[in-house]
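Heads up: the structure comes next, in structure tokens.
The values are calculated or read from the model by the stated rules, or taken from the named source; none is laboratory data. Just so it is clear, the structure is predicted and the values come from calculations on it, not from any experiment. Note: ideal-geometry Cβ built from the backbone for every residue, glycine included; neighbour counts use all protein chains shown. These accessible areas exclude ligands, DNA and RNA; they are computed on the full protein's heavy atoms, side chains included. Shrake-Rupley method; radii C 1.70, N 1.55, O 1.52, S 1.80 Å.
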Amino acid sequence: GGNNAGHTVVVDGKEYDFHLFPSGIINPKAISFIGNGVVVHLPGLFEEAEKNEKEGLKDWEKRLIISDRAHIVFDFHQAVDGLQEVQRQAQEGKNIGTTKKGIGPTYSSKAARTGLRICDLLSDFDEFSSRFKNLAQQYKSMFPTLEIDTEGQLKKLKGYAEKIRPMVRDGVYFMYEALHGSPKKILVEGANAALLDIDFGTYPFVTSSNCTVGGVCTGLGVPPQHVGDVYGVVKAYTTRVGIGAFPTEQINEIGDLLQSRGHEWGVTTGRKRRCGWLDLVTLKYAHMINGFTALALTKLDILDVLDEIKIGVAYKLGGKRIPYFPANQEILQKVEVEYETMPGWKSDTTGARKWEDLPPKAQNYIRCVENHVGVPDVFSSLVKWVGVGKSRESMIQLF
């Protein structure tokens, strides 16, 4: 993805907001790498740097590497994103709910082979400029109201080129050396969620990239044999930003409670997140695609005050259970959710640091999730971490 998704990371009481930066940028011992599958808005990158420097982020430019094959998001891509949303609203009465960060238009340019990459920006600037002008012209002919300050943008881009030049590497060779040199721990962070994947998500209400595990190979140039453990991250309830089908959504006081207790606001857009009960059909579906070797179940503490908790365990169509996750949005809007109801634990879990510290009813809730998601006879997908608060310490590791 690009700077459309946001992650809030809390370390030592400091809150950081990341969009383009990998979350590992805080770790002074880690090298952070933005791969070729990411689309990079350079003004956004430096804005983000500045914001997080105020929170105490130091020397990030010494630890950040950017792939020379990553495509560039231009300001006019962002303008077009907004215009397309207005058009969709006018023509269809509904939009996709994009973040207007230019992600879709940039991936469109990439697929149409008219996109420009970091390597182009750092090579012959005259050649880059003429291709930039051609691309700008194409968009202006498609959107007559679009105004582009071509010379102004090129001047800024020239400045950014010199700022990022020391950070840019051939990403494929960089990853090859990381995998085959002295032994290293390599952690890949997926952008967005499985259900926002361009191929497997709730199309068309998705992002424009592969944010499932396949993105490790296509977005970084890592061969499949090197993909080791795959960790799924799932909240103890379900949320969604923007429009699109959401079968377990609770448009009631339960939904409001989850939204307010969980501080469910989009990090990028500030939009309220829609909230509902944990949907195990979508979790199983994500598991089919990604093959999780372990799960991190987060925000369990948000459920602490509930009298009873429901888990969506199956979808029914015409009264019959279906074993798959429907591709078509209209069908997904029609499914009936079958719930399992469990008693709430009604006690504060935020201080728990070991499994034994959790109330038995909270333990049962976690085991119920495991029993439904685990694949029989192959392996059981186990919850390895349970999150009970937003700081890094608020975590129970089970094995």
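Listed values for the stretch 12-28 are Karplus-derived 3J(HN,Hα) couplings in whole Hz (6.51 cos²θ - 1.76 cosθ + 1.60, θ = phi - 60°), namely 6, x, 9, 9, 10, 10, 10, 10, 9, 5, x, 4, x, 4, 5, 6, x, and x replaces Gly and Pro. Taking Lys and Arg as +1 and Asp and Glu as -1, the other residues whose beta-carbon sits under 9 Å from that of Asp17 total -2.
Between 0 and 90 degrees, the angle of helix 75-92 with respect to the longest Cα principal axis of the chain falls at about 60 degrees. When restricted to Cα atoms, the chain yields an Rg and a Dmax of 22.2, 67 Å, respectively. Note on surface exposure: Asp301, Asp199 rank Asp199, Asp301 by accessible area, highest first, 1.4 Å probe.
Looking at the chain, send over the antiparallel percent of its DSSP beta bridges, to the nearest 5. Of the beta bridges lying entirely in the chain, close to 60 percent run antiparallel.
Note on the stretch 3-54: with charges restricted to the Cβ of Lys and Arg (+1) and Asp and Glu (-1), its dipole about the Cα centre is near 140 debye. Taking the C-alpha atoms only, the angle from helix 280-290 to the longest principal axis of the chain is near 50 degrees.
Of Lys62/Lys110; Lys58/Lys101; Lys299/Lys346, which ones are farther than 21 Å apart at the Cα? Those over the limit are Lys62/Lys110; Lys58/Lys101.
Relative to one another, the C-alpha centroids of the stretch 158-219 and the stretch 129-151 are positioned 28 Å apart. Each Lys and Arg contributes +1 and each Asp and Glu -1, all at the Cβ; summed about the Cα centre of the stretch 229-397, the dipole is approximately 340 debye. Mind running the shape call on the stretch 160-234? Use the C-alpha gyration tensor, a ≥ b ≥ c as the square roots of the eigenvalues: rounded below 1.5 for a/c, prolate if a/b tops b/c, oblate otherwise. Here the stretch 160-234 falls in the oblate category. Once all protein chains are placed together, Met175 keeps about 10 Å² accessible to a 1.4 angstrom probe. In straight-distance terms, cross-link reach from Lys156 covers every one of the lysines whose alpha-carbon lies under 17 Å from its own, apart from those fewer than eight places away in the same chain; here that gives Lys133. Between the listed residues Ala352, Tyr285, Leu382, the Cα displaced farthest toward the positive end of the dipole of the stretch 274-388, a dipole computed from Cβ unit charges relative to the Cα centre, is found at Tyr285. Once you have a ≥ b ≥ c as the square roots of the Cα gyration tensor eigenvalues for the stretch 1-174, tell me rounded if a/c is under 1.5, and otherwise prolate or oblate according to whether a/b is larger than b/c. It is oblate, given that a/c is not under 1.5 and a/b is not larger than b/c. What shape does the stretch 152-293 take by its C-alpha gyration tensor, where a ≥ b ≥ c are the square roots of the eigenvalues and a/c under 1.5 counts as rounded, a/b above b/c as prolate, and the rest as oblate? In terms of gyration-tensor shape, oblate. In a simple Cβ point-charge model (Lys, Arg +1; Asp, Glu -1; nothing else charged), the chain has a dipole of about 240 debye relative to its Cα centre. Ranking His77, His180 from most to least accessible surface, computed with a 1.4 Å probe over the protein chains only, gives His180, His77.
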